[in-house]
Amino acid sequence: MERFEYAHASTRQEAISLLGSSWDDAAVLAGGTDLISLMKEYVVTPKRVVDIKNVEGLNGIHSNAEGVTIGALVTMDELLEDKTIRSEFPALAHAAQGITSAQIRAMGTVGGDLCQRPRCWYFRNGYGLLAKDENGKSLVPEGENRYHAILGNNGPAYFVNPSSLAPALIALGAKLQLAGPKGQREVSAPDFFIIPKSDSERENVLRPNEMLASIVIPASSRGLRSATYEVRHKTALDWPLAAAAVTVKLEGGKVTEGRIVLGHVAPIPWQAKEADKELTGKSINESVAASAAEAALSRAKPLSQNGYKVKLAKVAVKRALLAAAKGEA
Amino acid sequence: MADYHWPPTDKCSLIGRRISRLDGPWKSAGRIKYSYDVNRPNMLHGKMVFSPYAHAKVVSIDTSAAEKMPGVKAVEIMTEPGKEVFWVGHEVAAVAAETEEQARDAARRIQVRYEKLPHLVSDVAPSKAGEHTKQLAEQTDGNPDQALQQAEVISEGEYGASVITHCCLEAHGQVAEWDGDDLTLYASTQNVSGIPGEIAKANIVSSADKVRVLTPVMGGGFGSKFGADSWGLACARLAKKAGRPIKMMLERDQELMAAGERPSMYAKVKVGAKKDGTLVGWQSESWGTGGPDAQGGAPNLPYVVRIPDRRVKHTAVLTNIGPARAWRAPNHPQMCVITMSALDDLAAKLGMDPVDLLQKNIQMTGQLAKTYSAELEKASQLMDWKSKWHPRGDKTSGPIKKGLGVSMHTWGGAGHPSNCNCVIQPDGSVSVSLGSQDLGTGTRTVIGIITAETMGLPLEAVKVNIGDSKYPADGASGGSTTVGGVSSSTRRAATAALNQLLEKVAPSLDAKPDDLEAVDGEIRVKGNPSKAIFWKQACAKLGTTPITGTGQRQRGNDDLLSSGVGGAQMAEVSVDTETGIVHVDKLVAVQDCGLIIDLKTAESQVYGACIMGITYSLFEEKIMDEQTGRCLNADLEFYKLAGIGDFGDIVVHMMTGPGYDERGVIGLGEPPVISPGAAISNAVANAIGVRVPTLPLTPDKVFAALETKGAVA
Ligand SMILES: Cc1cc2nc3c(=O)[nH]c(=O)nc-3n(C[C@H](O)[C@H](O)[C@H](O)COP(=O)(O)OP(=O)(O)OC[C@H]3O[C@@H](n4cnc5c(N)ncnc54)[C@H](O)[C@@H]3O)c2cc1C
C-alpha cells in the first residue's frame, strides 16, 4: 500500500472539502471492504482517504410520503434487518442476501456496493480499468473473458458492473442523491452508471469531489412485486455469473408495467427494455417468462469464452419473473 | 518380555478407537504457534520481488533505492543478472525491513531490468504447443491393435483435469534466527529432518548440525513443502546479513503463482470390450503440462484396471506456468479421471451398470481384487446404488437431473525411514521423540496412541515430541509414508523401553520378565492379575537413571507395516441443466488402509480428501493468460474453493477387521483424494446423459457437452 493521509470527516461539507479535483487526490472510505484491497494491490493509490463513517445524515432507512430513503452508509445487514425492505422490496433483500459473506454484509455499505470497482482480473492485476496491453489494445477480447460482459461490450470496456444491489434499485425506480461542493444533485439510478471511454474515467457520474449521500425508492414502487435471481457457481463467497432483478405491477393478474434489469453481464447494470414490453398485458407463466428472457438477451454478443453467460442471464430473468409473480421471498 | 508385534485389535484399549487429536484443543484455542504465528524478539520482515514476466532474462538489478527506504535492513539477490526466470512470480530478490509494510514498499523499489523471452502458458495439446513439447513415454504391451479390432464394443473419448494448486491454509515460508553460527528455522515444512542438510549444501552454515528446524504444527503441505525453497535460503541469508531474526512467509498471490501446482493431464482414449463387459484392449495418447521442465512424469494408464493389451503414449507440454510439485497422490487423480471416465462411457455403450462392469473385470486389479470387490459392495450399500441407479440420462421432468457415478483408486503408502527414542523416567513419565512432523493429519496423536497402548497407560500419560530436527531423524511426510514409518519406530522404541522396565521389575514380582505385561496402568503377571504393581511404583525401581528404548522402522519388509491399498467411491449429483451448475449431493468413500491406529483421525483424512476432491472436481483451475503470461486468478476470489454449502453429504467407511487389520499399518493421506473427480464426473454423465470431458465441471463445459451431443431435456 502506498502512503496516504487519513482524514476523518464529521459533516458532509467537511467530507466534500477534503475530496480533491482528481481521483488521485482522495478516495471516499465507507466500509473499506473494496477500497482497502484496491489500495493493498496498488490498483488505486489515493493521496488521501476520507473516512465518511461518522458523517451525519448518511445513516438509516427512513420512510415518508415520497418514498423510502436509504443512507449511503447503511450496511447490507441493516438493509436485511429492515422490515420495510424485506416485505416491500424483496428484489433488494434478495440481492443483499446474495452477498454471502457475513463479514462483508457487516461492513459493506449500500453506497460502497454501488460505487465499488469492477472485479475484472486484468484491472485488478494492474492493467488499468480498460485492461489494455502496452500498445493500447484491450486484453479482454482475445484473453480470458469467461466472466466478462455479454452486453454493452462494443469496447473499450468489457468488465461487468459488480454491484448486486444496483439492478434491484434500478428496477425499483430508485434515485440517487449526490452531494458535492454546490450542494446536492439527484440522478436516476440508471443514469448514475456509465460505460467509461478512457482509463481515466470512472464507471459512474460521480465527480472526484462528490459523494453518494442516499438512495430514494419512490413511494410508487411500494406496491410492486419484485425479485432478484442470481446464478452463482458456488453457494457462498462467490460472485454471481449472471443476475436479474425484476419488478412487475399486476392488475387482475396481468402485468401493467414490468422492469427487467440484468446484473453482472455488462459494464453497467443492464436495463432490458425490449423485454419489459413483452410482459405488458400478460400474466406471468413459464412461457411468458421464457420469452421475456429471450427478448432481454436478444442483443447479447458474447465474447470468445462467455457464451454460457447468455443462457445464465436468461435463466435468471425467467426465474426472477416466476418468483416475483408468485410473491416468493 | 513384551512383543513388539501389534496386539490383536480386540485386545487393544486405544488402537483402532475413535480418539480426538491431541493438538485439537491447542489449535482451536490458538495456543499453538504455526510458523506464521512465530514472532521473535527484534524480528524483521522479509518480502520478495517477483518476475512480472513468464519468461525473461534478468539483465540488471538495482537495489540502491530500496536500500534507502525507511526501515530496510538487508537486501538479497535471488536470481543473478544473466540468469533466466521461468514464470510470473519467479523470485528475483528479497528485502528485509522493520515492518511487513516497509518490506513490501521497499521490494517495489528494487529495479529489475528484464529481457523478455517467448513464453507459453496455455494448457494446450502438443499439436498447438510448437516446440514446447517433450515425449516422455511410449509403450505397448501385448497386441492392442488386434485386441481392439476383435473387441465387440469400442468406446472413444477425451478426458482430463486442469492445472490446479495446493492452496495450503498456511503459506510457504519460515522465520530464520541466528545465534552465532547456529541457525534456527521455524519452517512450514513437510521435512523437518531433511532441511538442515539442504541449508548446509547451500553453504549457509558450516555443517548441517548447526541448523535446527522447528515445526510443532503446520498448516498443510499436500506435497508442496518438501524443500527449504529459495525463500528459505534467502531468509536465512538475510537474517545473517541483518543480524536479526526474519519472518518471510509468502503472500496468497505468490502461493498461487510460484509455490507449486498439480500438472494437468488429458488423454484421447480408445477402450474395447466383449459384449459381456470383459475388457480387452486400451489405447491412449495423453499429454499435460507440469511447468517448464516436464515435472510430473508420464502416467501409467489404464489406472487400477490393468487391461493387458495396451498402447500408451505421453507427451509433456513445457509451459511457463510455475513449478510443478507433488500434489496429494501425484498423477493419480488425473489417471483416475481418465481411466474411470473411459470405463464409465464404455459401460454406457454396453448398456451396463458401471459397478457391474468393474466387478466383471475385478481380477484385472490384481492383488487387491477381493478388497475392491468388497469395497464396491459396501459403497453400493451406503449409496443405495441398486435402487437409485438409472441408465444414462435422468428421464424425469424438470431442469434438475440426478445421477450416480463410481470410481476406484489405489496407492502404496509404505512407511518411510523413521527413528524413535522412548524414555521412561523414574517418576513414571513417558516420552517419545521423533524428528517427524504433523501436517495436520494426526501424526502426533497416532504416536501417542501407540506409545500409551504399548505401556498400558492412558494417552494423557505420554508426551509426544515431534517437529524438531534435533530429535531422531524421520522421513519427509509425502506419499502417505508417515503413519507407517512412525508407527513402526514408535512401537519398537516403546517396546524396547518397556522390556527394560520389565526386567527391572520382574524380581520384585517373583516372575520372569517374559511373564509380565503392562496393562491398565500396572505391570502384572500374565494370567494372575492379583500379582501386580502400579506403573509409578514400577518406575520408581529405576532409581535415578531413566530408561531409553530406541526403535527404527526396519529396512525393506517391516512386519508391522504393509503397502498397497484400494478404495471405492460413489457420488450422487444434481445438475441444473438450465444453469449448468453441478451440486454434489452425496459422496461415499470406502477405504482400506490396513491396521488403523486412530479411527477418528483416519476418517478425518478421508473427509478432508473428499472435500478437496469435490473442490477440484467442480471449481479449481489455475487460469493463465497467454497475452500477459500471468495467472489471472492468483487469489481465493476467482481461484474457487468449495465452501460448506458445496459439499453435500459425505459418508466415510473404513474397511477394518480380519483381512485388513493383520496387514499392519499403511498410509492413508493420499488415496481418498484420488477418486472424487472420476466419481463426480461419472455421476454428471449419468445425470445429463453426456460426458463433460474435463475437470473442473463448470457451467460453460456442462452446456457445451449438452449442446454438442444433444442430450436429455
Ligand atoms: C469475496 C467477496 C464477495 C463479494 N460478493 C459480492 C456480491 O456478490 N455482490 C456484490 O454486490 N458485492 C459483493 N462484494 C463486494 C462488496 O459488496 C463491496 O466490497 C461492498 O459493498 C463495498 O462497500 P464498502 O462500504 O466496504 O465500500 P468501500 O470499500 O469503502 O468503498 C468502495 C468504493 O466505493 C467508493 N465509495 C464508497 N462509499 C461511497 C460514497 N458514499 N460515495 C462515493 N464513493 C463511495 C470508495 O471510494 C471505493 O472506491 C463482494 C466482496 C468480496 C470481497
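Structure summary
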read-out: Given B:K210/B:K241; A:K273/B:K701; B:K349/B:K401; A:K175/A:K254, the pairs whose alpha carbons are separated by over 22 Å; value: A:K273/B:K701; A:K175/A:K254
read-out: Environment charge of B:S20, counting only residues whose C-beta is closer than 11 Å and scoring Lys/Arg +1, Asp/Glu -1; value: +2
read-out: J(HN,Hα) series, region B:689-702, from Karplus relation 6.51 cos²θ - 1.76 cosθ + 1.60, nearest Hz, glycine and proline x; value: x, 9, 7, 8, x, 10, 8, x, 8, 8, x, 4, 6, 5
read-out: Hz values of 3J(HN,Hα) by residue in region B:374-388 - Karplus curve (6.51, -1.76, 1.60), Gly and Pro given as x; value: 5, 5, 4, 5, 4, 4, 4, 5, 5, 8, 6, 4, 4, 7, 8
read-out: Cα-Cα over 22 Å, subset of B:K47/B:K68; B:K73/B:K247; B:K33/B:K622; A:K282/B:K395; A:K132/B:K116; A:K137/B:K116; value: B:K33/B:K622; A:K282/B:K395
read-out: Binned Cα-Cα distances of region B:476-540, short to long, each 5 Å bin given as a whole percent; value: 3, 18, 24, 18, 10, 9, 7, 6, 3, 1
read-out: Residues with amide H under 5 Å from that of B:D585, placed H, sequence gap 5 or more; value: B:E572, B:V573, B:S574
read-out: Residue-averaged beta-carbon neighbours from other chains (10 angstrom radius) around A:305-313; value: 4
read-out: Protection proxy ranking of A:228-241, B:67-80 - average other beta-carbon atoms within 10 Å, highest first; value: A:228-241, B:67-80
read-out: Alpha-carbon centroid distance for the pair region A:175-191 / region B:511-547, whole angstrom; value: 86 Å
read-out: Per-peptide average of other Cβ atoms within 10 Å, ordering B:271-283, A:28-40 highest first; value: B:271-283, A:28-40
read-out: Relative contact order computed over region B:525-626 (Cα-Cα under 8 Å; 6+ residues apart), in percent; value: 17 percent
read-out: Amide hydrogen neighbours beyond the local backbone of A:T33, cut-off 5 Å, H modeled; value: none
read-out: Shielding score for A:228-236, defined as the mean number of other chain Cβ atoms within 10 Å; value: 5
read-out: Cα gyration tensor category, rounded, prolate or oblate, for chain A with a/c compared to 1.5; value: oblate
read-out: Set of region B:297-325 residues, backbone N closer than 19 Å to the point 7 Å along the Cα-Cβ line of B:E115; value: none
read-out: Relative contact order of region B:77-123, defined on C-alpha pairs under 8 angstrom at six or more residues apart (%); value: 25 percent
read-out: MRE, 222 nm, helices only [DSSP H, n ≥ 4, -39500 (n - 2.57), over chain B, to nearest 500]; value: -8000 deg cm²/dmol
read-out: Value of Rg/Rh across region B:415-552 [Cα atoms, Kirkwood radius]; value: 1.01
read-out: Globularity ratio of region A:224-326, using Cα Rg and 2.2 N^0.38 Å; value: 1.02
read-out: Equivalent ellipsoid dimensions for chain B as semi-axes, Å, which come from the Cα gyration tensor, largest first; value: 43, 39, 20
read-out: Long pairs among B:K463/B:K526; B:K134/B:K240; A:K311/B:K586, criterion Cα-Cα beyond 31 Å; value: B:K134/B:K240
read-out: Relative contact order, percent, chain B [alpha-carbon distance under 8 Å, six or more residues apart]; value: 17 percent
read-out: Cross-link partners of B:K128 among aspartates and glutamates (Cα-Cα below 17 Å; sequence separation of 8 or more within a chain); value: A:E142, B:E158, B:E285, B:D625, B:E626
read-out: ³J(HN,Hα), Karplus 6.51/-1.76/1.60, whole Hz, each residue of region A:119-132, x for Gly, Pro; value: 8, 2, 6, 6, 4, 5, 8, x, 9, x, 4, 9, 6, 9
read-out: Shape category assigned to region A:5-54 from the gyration tensor of Cα positions, a/c cut at 1.5; value: oblate
read-out: Alpha-carbon centroids, region B:603-679 and region B:158-198: separation in whole Å; value: 21 Å
read-out: Along principal axes, Cα extents of the protein assembly as shown, largest first, whole Å; value: 100, 75, 62
read-out: 10 Å Cβ neighbours from other chains, averaged over peptide B:643-649; value: 3
read-out: Chain A, helix-only ellipticity at 222 nm - DSSP H runs n ≥ 4, -39,500 (n - 2.57), divided by all residues, nearest 500; value: -7500 deg cm²/dmol
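Any read-out appearing in this document is the output of simple, stated calculations on the displayed coordinates, not a laboratory observation. On a predicted model such as this, the values are computed, not experimentally measured, just so you know. Note: ideal-geometry Cβ built from the backbone for every residue, glycine included; neighbour counts use all protein chains shown.
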